[in-house]
Amino acid sequence: MSAEHLAAEGGTAVDAALAFAEASPETTRERTLVWQDPVPTAAAGATMTGMEYMQAIVSGKLPPPPIAVTMRMGPIEIGDGRAIFAGDPGEEHYNPIGVVHGGYAATLLDSALGCAVHTTLPAGVGYTSLGLEAKYVRPITRDTGRVLCEANVLYGGRRQATAEANLTAADSGKLLAHGIATCMILGA
């Protein structure tokens, strides 16, 4: 079935990519993803402080969440109210205009911001993002290379926390995006 026919029938992007792969194998790329069931990891994390949980992920004692595998990103350093994530944007993250989708930067920002907040929480207390504001400064491409996102908690209350982050190119230190998030504290 052609990619045009799949699109007309409401097929997914995966279906279309597979159809194009048959028609033009010379331009086709493939990536295999491997991840662990996230439910047992989250259950284990609920018994730890946020700092302990994040340390277990950074040290490899617990597996990374599937989103980190999918997006090729994850925490590399944490501290009290602080998280640094690294990401490796590639062409699999491109949007239709030929650059890395803004959602990649937003996902890195949201992840680092939330995890910075998580490091401040006691065992059994979680969080969820209430809002994320992302500002894009420079485009990201596959040639940008590794990116770093450093987040710091600005305010940690009983019901809400606010954090800010900068996303930079690892090799040049150039600012790519920055953001701020408010998280709701759950179970406090």
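Taking θ as phi - 60°, what are the ³J(HN,Hα) couplings along the stretch 67-83 by the Karplus curve (6.51, -1.76, 1.60), each to the nearest whole Hz, with x for Gly and Pro?
4, 5, 5, 4, 8, 6, 8, x, x, 10, 7, 9, x, 5, x, 9, 8
Using only the alpha carbons, work out the radius of gyration and Dmax of the chain in angstrom.
Here Rg and the maximum Cα pair distance are 18.5, 57 Å.
Can you give me the long-range amide H partners of Leu176? Hydrogens built in the peptide plane at 1.01 Å from N, cutoff under 5 Å, separation of 5 or more residues or another chain.
The answer is Leu167, Thr168, Ala169.
Can you work out the FRET efficiency for the pair Asp80 and Asp171, with r the C-beta to C-beta distance and R0 = 22 Å, to the nearest 0.05?
That gives a FRET efficiency of 0.20.
Where the centroid of each part is defined by its Cα atoms, how far is the stretch 118-188 from the stretch 32-59 in Å?
Comparing the Cα centres of the stretch 118-188 and the stretch 32-59, I get a distance of 19 Å.
Order these by the 10 Å Cβ neighbour count, fewest first: Tyr94, Tyr53, Tyr127. Each step should come with its number before you reach the end.
Numbers: Tyr94 16, Tyr53 25, Tyr127 22.
In order of increasing Cβ crowding within 10 Å: Tyr94, Tyr127, Tyr53.
Going by alpha carbons, how many degrees (0 to 90, nearest 10) lie between the helix axis of 13-23 and the longest principal axis of the chain?
It works out to around 40 degrees.
Given the -39500 (n - 2.57) contribution per DSSP H run of 4+ residues, what per-residue ellipticity at 222 nm results for the chain, rounded to the nearest 500 deg cm²/dmol? Write down the numbers at each step before the final one.
Values: 6 runs with 58 residues, N = 188.
The helix-only estimate for the chain comes to -9000 deg cm²/dmol at 222 nm.
Packing-wise, with mean Cβ within 10 Å as the measure, how do 64-77, 35-48 rank, highest first?
Details: 64-77: 17.1, 35-48: 13.0.
Ranking, from highest mean packing down: 64-77, 35-48.
How far is helix 50-59 tilted off the main Cα axis of the chain, in degrees rounded to 10, range 0 to 90?
On a 0 to 90 degree scale, this one is about 50.
Which of the GluC sites (Glu not before Pro) across the stretch 16-60 are loop residues per DSSP, with 15 or fewer other Cβ within 10 Å?
Numbers: sites: Glu22, Glu26, Glu30, Glu52; in loops: Glu30.
Passing both the DSSP loop test and the Cβ count: Glu30.
No lab work stands behind these numbers, since they all come straight from the coordinates. Here the structure is a predicted model, which is why all the values come from computation and not from measurement. Quick reminder, even Gly has a Cβ in these numbers, built from the backbone with ideal geometry, and neighbours come from all protein chains shown.
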